[in-house]
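Asks: Below you will find the structure I want to go over with you.
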Amino acid sequence: MGIDVQFRPMTIHDIDEVVQVEQASFTAPWTRESFYNELMYNRYAKYIVMVHRGRIIGYAGMWLVIDEAHVTNVAVLPQFRGQKLGEALMRRLMETAKQHGAATMTLEVRVSNHVAQSLYRKLGFRNGGIRKRYYPDNFEDALVMWVKLT
């Protein structure tokens, strides 16, 4: 990782910047309201932001239920990709999950997103199955992946 970044919990004051990262990253982005509801009303949700020079350049989120963490979102602004920042973000999210008692972590990733799948495999994730027609924008299948955190 070549640039200096800091991690901290996401707050409602971060939502506008996070939505910009979301919109730059996904074809079916979450809305401002979705993030607001996650932060304000979902007691299982934990989100972190990655900050560079005072600007949010990435974020990640998960739901923590009993001893399992389920990744909801991971995104880095396109101009900051290819610098191992996604890996740093995922490692921080995995560590946060462990600190909250999670023994396993799961996620879904588009079957066509080989870059993300490669990162997840590097972090120890394994294939768990396929969710058919999972993504609403084009009905692409999702690959379910999981990893033991303990």
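Derivation of every value follows stated rules applied to the coordinates shown; laboratory data play no part. Computed from a predicted model, the values in this text were never measured in an experiment. For neighbour counting, all protein chains shown are included, and Cβ atoms are generated from backbone atoms with ideal geometry for every residue, glycine included.
Asks: For the stretch 24-120, what is the charge dipole size about the Cα centre, in debye to the nearest 20, if Lys and Arg each add +1 at the Cβ and Asp and Glu each add -1 at the Cβ?
Replies: Result for the stretch 24-120 is approximately 400 debye, rounded to the nearest 20.
Asks: Kindly state, to the nearest 0.05, the FRET efficiency for Val111 paired with Asn42, given R0 = 22 Å and r defined as their beta-carbon distance.
Replies: 0.20
Asks: For Ile3 and Thr27, what does the FRET efficiency come to when R0 = 22 Å and r is the distance between their Cβ atoms, rounded to the nearest 0.05?
Replies: 0.25
Asks: So, in nm, how far is label Glu95 from label Ser118 when the simple model puts each one 7 Å beyond its Cα toward the Cβ?
Replies: Result: 2.5 nm between the two label points.
Asks: Compare the Cα positions of Ala116, Asn37, Gln20 along the charge dipole of the stretch 6-148 (+1 at Cβ of Lys, Arg; -1 at Cβ of Asp, Glu; about the Cα centre) and return the one farthest towards the positive end.
Replies: Ala116
Asks: Length gain on complete extension for the stretch Arg53 to Glu87, per 0.36 nm per residue less the alpha carbon to alpha carbon distance?
Replies: Once the chain is fully extended between Arg53 and Glu87, it gains 10.3 nm.
Asks: Could you tell me the calculated FRET efficiency between Ile130 and Asp16, based on Cβ-Cβ distance and R0 = 35 angstrom, to the nearest 0.05?
Replies: 0.50
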